[in-house]
Amino acid sequence: MKNTNTMKRAIQGSTGLMTILFALGASGMPVIAQEEEGRLDTSTLFIEEVVITAQRRDQSLSKVGISVTALGTDSIRRQSIDDLGKVAALVPGLDIFRGNGSNNPTITLRGIGTTNPWANNNQSVASYVDGAYLPFSSYLTFPLFDLERIEVLKGPQIALYGRNATAGAVNFISARPSDEMEGYADVSYGEYNALNVKAAVSGPVTDNLQLRVAAIITQGGGYVDRPGTGVLTGFTRRPGVIPGIPAADPEDNYGDKDVFALRASATLQLTPEVEAFLTFHYGQDKSELIGSTNINGDRLGIFTPLNEAAFVDYDNISPKTDTEQYGGVLRIDWSSGDYTFSSITGFENLDRKYAIGDFVPTRIAEASFVEYIKSISQEFTVAFDGGEQLQWLAGASYTRDDIDYSRDLVSYDLLLGGLGTSFVEIDKSFAVFGQGELALSDQWLLTLGLRYTNEDKSYDGGSVELDPFGTSVVRFVFPNTAGAGLLGTPTYDETDLSGKAALNWQPTDDVLVYASLSKGFKSGGFDGSGVTEPAAFTPFQSESVWTYELGTKATLFSGHVFVTASAFYNDYTDKQVIALVDLGGGLTEAIIQNAASSKVYGLDFEAKWNPVQSLSFSLSGTLLESEVTNWNSPDLIRLRLLSILVMSFLARRGFL
C-alpha cells in the first residue's frame, strides 16, 4: 500500500542557560577547544579554533567540509556533561530517547534514527570510543567523564566512520596522559542527596611512558514516590494456586543512582616513529530504575491512580539494574616519511541484569532481562600525507559481536502465566574503505570516499509460554508459543557498496563553502523482541539513505564571529520500522521490517560571537521537515512528528 503523508511543521523551542560572567583574573584555559601539542596558533583570534579528528587527522573545525559539532574539555566540564542526554542538549539536531527503562538509549540525528530499543539493534548513529566502534545502544549507558572532546559528525559517514552510520557518528575521545603531573577533583552535591564525584591524575612515569587514571562516582538523586501495594497486597486471581502480590512498603525519593566507573590509560613512545596508546575502562551500575507515572489504571479495572499525582511509581516491584561493563582500546601508530600505519584493537563486554515494571501494582506485564554482550574489533589503516596537495587513507576492519539474551515477561494477574524469550546471536562484519582529498587549485578541494561492507548474522532462539502454576492462557493468545515454543535459526548475509563525493571551495582564508553527495548504509538483522509468529524470524534487510548537503563556515569581523550552516536533503529508503505484518485470516503481528520510505530535509546552524575577550555568546538550531513517501503495512500511519526547531542560548566568560 502506498501512501503519502506530508508532516506538519512544528516549532519546539528550548532555551538554555543565559549567563554573563566577567573575568576575575587571568587563566590559561581556552574558550572552546582542548589544549594539545601542535594545535594551530590562534592567539590573535577572539574565537579560538577547535581541532578535531573527524577525518582521522588533526584539522581545524573551520577548514573541514563536513557538518560537525565539537565539544571540548572546557565545555564538557563547565556544562557537567556526564551522559548522552546532556550531549543532545548542546548539539542541534541530536535527540536521545530512552528505551527499556533507560537501559537502551536510541540516537536520532537530523531526523534519522531508529525506534528499535532491543539489545541486538544497531544504531543509525555510529558510536566510537577512542576509535573503536560500539555496535549496540546497550553499551551507551556508560557515564561520560574525563573526556578531551566529543565530536558529532552529521550526515552519512562513509569511509572513515561508516559502519551503520546512515545518520552520522559520535566520537568520544578520552583525555590523554600528560607530559607533566596534573590532576583535578570535581565534587557536587544537590537535591535528593545527589552526589557526583569526578577525579583524575596524570603524569609521566619515564621519558617515554605517561599514565592517566580517572574515575566517577554518582549516587542518590531519586525523586519518585512509591505508594506501595497497599490494599492490593496478597491479591491473586487464582487463590491457593498463584501466589498473591508480595507486600511492597511505601518509599520516598526512589530512583537513586549508584554508579562507579574507572578508566586507566597509557601512552608509550616505543621508538621515535612508533607510539602506542592503551586505555581500559570498568564500570558498575546498581541504580534504581524509574518509569512513567500511570494515569489510566490497570487492565483489570481494580487499580485507580491518585488524582493529578506526578512523579509517582505504582509498581509492586522495585526495578533495578545490576550492570558490569568493561573494555579497552589499543592503538599503535607507526610513522614513516609521508605514511602512517595504524592499528586499532577494541573489545567491549557487558553483563547486565535488570527488571522493568508495568507502572501498576498488579502483575500485568513485568519484564526481567539477562544480557551478556561482547564485541571485538580490529582495524588497520594506512594514511598518506602529501601536504596541501594530496591526502588519502585506506583501511580494512573486522568486528564480531556475541549476544546472549533472555527476557521473562510475567503476567500472573492478566494472562495467569508468562512469556519467555531467549536467543543467541552472532554478528560478523568485514569492510574495506578508503578516502582521498585532492587539491584542484588553491581554492578547490575534491574528496572521494568508498566503503565495501559484508554483514553476516545468525540467530538461534525464540519464545515459549511460561506456565509455572498450570493456569496460563498465554497459549490461547499466542498459540505458537505453547509446548516446546516457537524456535528458529534464521541467518542474514548482505553486502553493500557506499560512497561519497564532496567539493570544497575556499575563496578566502576565513570562508569555506562545501557541497557533498553521500550514500549511507545500515545493515539488516533480526527482531530482538518477543517472537510469537514465524514471520518474526524473517530478517529485515538493510536501509539506505542518499544525502545531498550544501554548507558554509566563516570566521567574520576580525575573528569575533564564527558561523557554520548547512542545508541537507535525505532520501531514505527501506527504513527499518516496527509495523504490522498481515498473517492472513484477519491476524497481524508487529515486527521490525522494511516498511517505509521517506524524505527528510532541513537546515542547521551554529554561531559564536565574542564581543570582547572575556565574553562569548553562542546560538544554534536545527529545522527539520519530513515526508513519508511510502508505507508498506496494513496498519495506519501514526508517526511521531519530526519537524523540530531547537534554539539554545549561552553567554559565558571567555576564560572560564
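The values are calculated or read from the model by the stated rules, or taken from the named source; none is laboratory data. Not measured: the values here are computed from a predicted model. Positions of Cβ are generated from backbone atoms using ideal geometry, with glycine treated the same way; all protein chains shown enter the neighbour counts. The area values use the complete protein model at the heavy-atom level, side chains included, leaving out ligands, DNA and RNA. Shrake-Rupley method; radii C 1.70, N 1.55, O 1.52, S 1.80 Å.
The figures follow:
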read-out: Shape metrics for the chain, restricted to C-alpha atoms - Rg then Dmax, Å; value: 26.0, 85
read-out: Ellipsoid equivalent to region 68-203 - semi-axes via the Cα gyration tensor, in Å; value: 26, 19, 13
read-out: Solvent-accessible heavy-atom area per residue, rounded to whole Å², over the chain at 1.4 Å; value: 43 Å²
read-out: Karplus-derived HN-Hα couplings along region 561-570 (A = 6.51, B = -1.76, C = 1.60, θ = phi - 60°), whole Hz, x at Gly and Pro; value: 10, 10, 10, 9, 8, 8, 10, 9, 9, 10
read-out: Hz values of 3J(HN,Hα) by residue in region 293-302 - Karplus curve (6.51, -1.76, 1.60), Gly and Pro given as x; value: 7, 6, 10, 10, x, 10, 6, 8, x, 10
read-out: Rg and Dmax of region 311-452, Cα atoms only, in Å; value: 24.6, 74
read-out: DSSP-assigned coil residues among chymotrypsin sites (Phe, Trp or Tyr not before Pro) in region 256-314, each with at most 14 further Cβ atoms within 10 Å; value: F311
read-out: Relative contact order (percent, whole number), region 68-147, Cα cutoff 8 Å, 6+ residue spacing; value: 26 percent
read-out: Proportion of all alpha-carbon pairs of region 461-602 beyond 23 Å (%); value: 58 percent
read-out: Estimated inter-spin distance, D207 and S292, nm [label 7 Å along Cα→Cβ]; value: 6.4 nm
read-out: For F235, distant residues with modelled amide H under 5 Å away; value: I245
read-out: Estimated 222 nm signal from helices in the chain, with DSSP H stretches of n ≥ 4 weighted -39500 (n - 2.57), rounded to 500; value: -500 deg cm²/dmol
read-out: For L144, residues with placed amide H under 5 Å, excluding near neighbours; value: D83
read-out: Point-charge dipole on Cβ atoms (K/R +1, D/E -1) for the chain, about Cα centre, debye to 20; value: 1280 debye
read-out: Three-way shape label, region 504-581, alpha-carbon gyration tensor, a/c 1.5; value: prolate
read-out: Karplus-derived 3J(HN,Hα), 6.51/-1.76/1.60, for each residue of region 445-461, Hz, glycine and proline x; value: 10, 9, 10, 10, x, 8, 9, 10, 10, 10, 10, 10, 9, 9, 10, 9, x
read-out: Candidates per GluC sites (Glu not before Pro) in region 132-180, loop by DSSP, up to 12 other Cβ within 10 Å; value: E180
